[in-house]
Amino acid sequence: MNIDEEIKDINTNDHNQVISFYESNKLYFDNYQRLEDSDRIGKFIDIKLTYCNSLTHKQHIEKLLKTLSEVEELLIKLPVDYWSYKESERHFRFLKAMALSNQKKFKESYPMLKKLITEDSNHYHYKVWFDHAKIGLYNWIFNLMSVAGLGCIVSYIALSELGFQLPFDLGIVGIVILVVSFLTQVGLKEYTKRKK
């Protein structure tokens with residue numbers, strides 16, 4: 001039985017089986033640069049994207065990004081009017097955006113997911129990951145607020161030890177900032193979960 005026949009027997013929902021099959025035939029799948037025939041290129045893209053799906057489920061991000069770069073090379077060789085190009089290219093972008101979000105590279109993933117949402121506003125997974133990236137972008141604000149709150153508390157303690165009297169309680173201000181930061185972050189996460 002050749003590899004093309006074996007592929008038909010693979011259960012694409014069994015991520016361990018997909019990964020095991022791909023990696024045991026890695027030499028074959030790594031030999032993609034010389035492909036010229038659109039049908040062969042399309043098949044290789046499908047196989048590599050199926051492998052990438054399984055890597056995503058298993059959180060193998062480095063392997064995923066390496067394979068996605070191979071998919072990108074193949075997509076460049078595939079004619080834009082090829083029957084599966086549009087779907088494959090969109091799936092490639094989504095997997096890359098998910099991988100970047102998992103690496104907390106929200107500045108890179110957010111615009112990609114925003115574009116995907118524009119292309120298909122009803123896609124459930126695009127919405128979920130778009131919201132995830134949006135919250136990730138706001139994390140720096142929450143971190144800054146937490147640092148400011150802690151700074152206020154530490155300043156209050158230091159100034160109190162030195163005998164300085166302020167017209168307001170800097171410690172209370174710090175605690176309020178910390179609580180607001182925490183509650184806002186938790187509230188946004190809950191809101192996103194409920195939207196799912």
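General remarks:
- For the stretch 103-119, the criterion of being exposed (fewer than 15 other Cβ atoms within 10 Å of the Cβ), on the phi < 0 side of the Ramachandran plot and in contact (Cβ under 8 Å) with a residue 40 or more places away in the chain is met by at least one residue.
- First in the stretch 40-51 and in the same structural domain as K86 (by TED's automatic domain parsing), second anywhere and in a helix (DSSP H, G or I) and charged (D, E, K, R), Cβ under 7 Å, 6 or more apart: I41/K77; K48/E70
- Test: residue in the stretch 133-146 that is closer than 30 Å to F44 by Cβ, in contact (Cβ under 8 Å) with a residue 24 or more places away in the chain and either assigned to a helix (DSSP H, G or I) or in contact with a Leu (Cβ under 6 Å, 6 or more places away or on another chain) (or both): yes
- Of the residues V18, V80, the single one that is β-branched (V, I, T), in contact with a Ser or Thr (Cβ under 9 Å, 6 or more places away or on another chain) and free of Cβ contacts under 8 Å to residues at least 40 places away in the same chain is V18.
- Residue that is modelled with the lowest pLDDT [pool: residues in the stretch 1-59 that are over 20 Å from K96 (Cα atoms) and of a type in the set (K, R)]: K8
- Checked against the criterion of being of a type in the set (F, W, Y), touching a Gly at 6+ places or on another chain (Cβ under 8 Å) and outside any helix (DSSP H, G or I), the stretch 95-110 has no qualifying residue.
- Conditions (1) surrounded by fewer than 16 Cβ atoms within 10 Å (Cβ to Cβ); (2) in a helix (DSSP H, G or I); number of the one not met by G174: (1)
- Subset of the stretch 140-155 (residues that are modelled with pLDDT under 85 and either touching a strand residue (DSSP E or B) at 6+ places or on another chain (Cβ under 9 Å) or loosely packed, with under 14 Cβ neighbours inside 10 Å (or both)): W140, I141, N143, L144
- Condition check for I45 on (1) β-branched (V, I, T); (2) surrounded by fewer than 18 Cβ atoms within 10 Å (Cβ to Cβ); (3) under 25 Å from the mean Cα position of the chain (by Cα): one failure, at (2).
- Within the stretch 96-116, none of the residues are farther than 26 Å from L178 by Cα, of a type in the set (F, W, Y), more than 11 Å from the chain's Cα centre (by Cα) and not assigned by TED's automatic domain parsing to the domain that holds R40.
The values are calculated or read from the model by the stated rules, or taken from the named source; none is laboratory data. What you are looking at is a predicted structure, and each value in this text was computed from that prediction instead of being measured. Neighbour counts are summed over all protein chains in view; Cβ atoms, including those assigned to glycine, are modelled from backbone coordinates with ideal geometry.
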